[in-house]
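Note sheet for the following structure.
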Amino acid sequence: MSTQEYPTTWRRPPQIVTDRRWRIALQLGILAYLVLALGSVEVDWQRVSVGLERGQRFIMGFLQPDFTSRWGDISRGLVESLTMTLTSTVVGVLISVPIGIGAARNLAPAWLYYVCRSIIAVSRALQEIIIAIFLVAMFGFGPFAGFLTLSFATIGFLAKLLADDIEEIDEAQAEAIRATGASWWQLVNYAVQPQVMPRLIGLSLYRLDINFRESAVIGIVGAGGIGATLNTAIDRYEYDSAGAILLIIIGIVMIAEYGSSYLRKFLQ
Amino acid sequence: MLKLEGLSKTYKTGDAALSDVTLTIPKGQIVGLIGPSGAGKSTLIRCINRLVEPSAGKVLLGDVDLARLGKTELRRQRRRIGMIFQEYALVERLTVMENVLSGRLGYVPFWRSFLRRYPGRDVQQAFRLLDRVGLMHQADKRADALSGGQRQRVGIARALAQEPELLLVDEPTASLDPKTSRQIMRLLTEICAERDLPAIVNIHDVPLAQQFMQRIIGLRAGEVVFDGTPRELTENVLTTIYGAEDWDAMRRGDEEQSAAEADARDRMAALAQ
């Protein structure tokens, strides 16, 4: 044992910017930028007060939701939305499984990998609303454009996560199946599918949930469903009907969320 | 009979994992492959069924050179080589039966394996193998519900379902306790004797290798530095393979372990009375 005095304090050394002067300069720079940026935001206080009044009316309508006077429109929108959600999820999953397999580096040859990854990149780069605007312009107003939009968005989401999951499978299991003389299809069926299936089902249910929420949003740009009904109600200043629609959307999203998380737990 | 001629493997990084390995393994012989980590044991057995592509040399199983086969023919030839893995490498979420039947994948068309409709003969054989390894009543369980020793026995049954002419065994006992390790090694040697099956066993437990192997090959830095009977594996030889170390201490440790096991058995027997 040495008789050396050991220090009683210890501080975590800086991990990213090690030079003290640089650190201070950086912090000052960020602060200056923040102040300048906030200064450049123009606020029209008169417009804000008008908006607050309108917001109040909106909240009042929300507190007294009117389900009955527009029930015909609301129920039609709901049925459209739910149909869009279910069909687009099913179609999206069916298409994204082969694309996901193709986009997994450990299963696909290089050329196929790049093709599938590009499809995923395109689908993920375009936000739902942009696709919806484009497809509404192509196919006209209504749920068909919404169905196509959501299917397309589902492909990017699901194929990417599936491909990433396939790339992370336990290689030992795949190696063992390959060593038996299995073909590529048998390898996918015996070594890959059992490992990724629970997650694939979980993600599909999660996507079902997302698609319902998105169906409400893309309706606003004309892709049908409950979103279109909501848009009409707000345009007519019928905040009580709009409140009813929002409550229904919240209710369905909650049911879908609890339902899918329960199912996912059950599947594990 | 398996014959390796001048087998070499250099990885892309430039590391020579195997250099010029030449070996002959006759029918029915169980060979233990020992050597330090990174000596190329895993690479050697994986070069035989080409899970790793050899860079040079021949792998002759019977009179087929496995090293220069096309994709389809390689699949056909892999059926002749059963492989048993370190961490069992069972497909965890499939049932025990599906794991055993997966040994038949090279023999059946895709639709049969996809629908799990294997020929009656294959199913019967799978049951016979499960019975042989003592897991007859676990057929419907999922593989991840079994203990380590049981899983490795499923691994053995899967390899045997291929009706192989050669067994490649990669560290079969590395994740098992000493007692289960011995049971697994005993089962392996019995099965090889029953079927006159040659086997190459990667093993880093030297005492275990000496106890169960008929022949031992020592590998160091990708080269064969020893080839002989377990009896010839002296301290000097072990030092050539592994570098200097007190081997007697390790053997003593092993004796201690078997003494402790015997002690535990006695106590259990006393409790049972």
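Assorted remarks:
- Top-ranked residue in the range A:125-184 [being among the polar types (S, T, N, Q) and in a helix (DSSP H, G or I); ranked as farthest from the other protein chains (Cβ to nearest Cβ)]: A:Thr149
- Taken over the range B:26-80, residues that are aliphatic (A, V, I, L, M) and either within 14 Å of chain A (Cβ to nearest Cβ) or part of a loop (DSSP other than H, G, I, E, B) (or both) amount to 10.
- The selection criterion, being without any contact (Cβ under 8 Å) to a residue 12 or more places away in the chain and among the hydrophobic types (A, V, I, L, M, F, W, C), does not hold for A:Val115.
- Every test in (1) of a type in the set (D, E, K, R); (2) under 15 Å from A:Arg178 (Cβ atoms); (3) at the interface with chain A (Cβ under 9 Å from one of its Cβ atoms); (4) surrounded by fewer than 17 Cβ atoms within 10 Å (Cβ to Cβ) is passed by B:Arg93 save one, and that test is (2).
- Residue check for B:Met83: within 30 Å of B:Gln150 (Cβ to Cβ), more than 10 Å from chain A (Cβ to nearest Cβ) and in contact (Cβ under 8 Å) with a residue 24 or more places away in the chain: no
- When the range B:180-214 is filtered for residues that are modelled with pLDDT of 90 or more, farther than 25 Å from B:Arg79 by Cα and of a type in the set (D, E, K, R), only B:Arg182 remains.
- Answer from A:Gly259, A:Gly243, A:Gly225, A:Gly251 - the residue that is in contact with a Leu (Cβ under 9 Å, 6 or more places away or on another chain), over 30 Å from B:Trp111 (Cβ atoms) and surrounded by fewer than 18 Cβ atoms within 10 Å (Cβ to Cβ): A:Gly259
- The helices (runs of 4 or more DSSP H) found entirely in the range B:95-137 that carry 1 or more residues being in contact with a helix residue (DSSP H, G or I) (Cβ under 8 Å, 6 or more places away or on another chain) and in contact (Cβ under 8 Å) with a residue 40 or more places away in the chain are B:96-101, B:120-132.
- Restricting the range B:173-197 to residues that are away from chain A (no Cβ under 13 Å) and not in a helix (DSSP H, G or I) leaves a set whose member that is surrounded by the most Cβ atoms within 10 Å (Cβ to Cβ) is B:Thr173.
- Qualifying residues in the range A:167-213 (those that are among the charged types (D, E, K, R) and farther than 26 Å from A:Gly92 by Cβ) - the one surrounded by the most Cβ atoms within 10 Å (Cβ to Cβ): A:Arg178
- Set side by side, the residues B:Leu115, B:Leu167, B:Leu130 differ, and just one is in contact with a strand residue (DSSP E or B) (Cβ under 6 Å, 6 or more places away or on another chain) and either within 12 Å of chain A (Cβ to nearest Cβ) or closer than 17 Å to B:Leu94 by Cβ (or both), which is B:Leu167.
The values are calculated or read from the model by the stated rules, or taken from the named source; none is laboratory data. These numbers were taken from a predicted model, which means no experiment stands behind them. We place every Cβ from the backbone using ideal geometry, glycine too, and count neighbours over all the protein chains shown.
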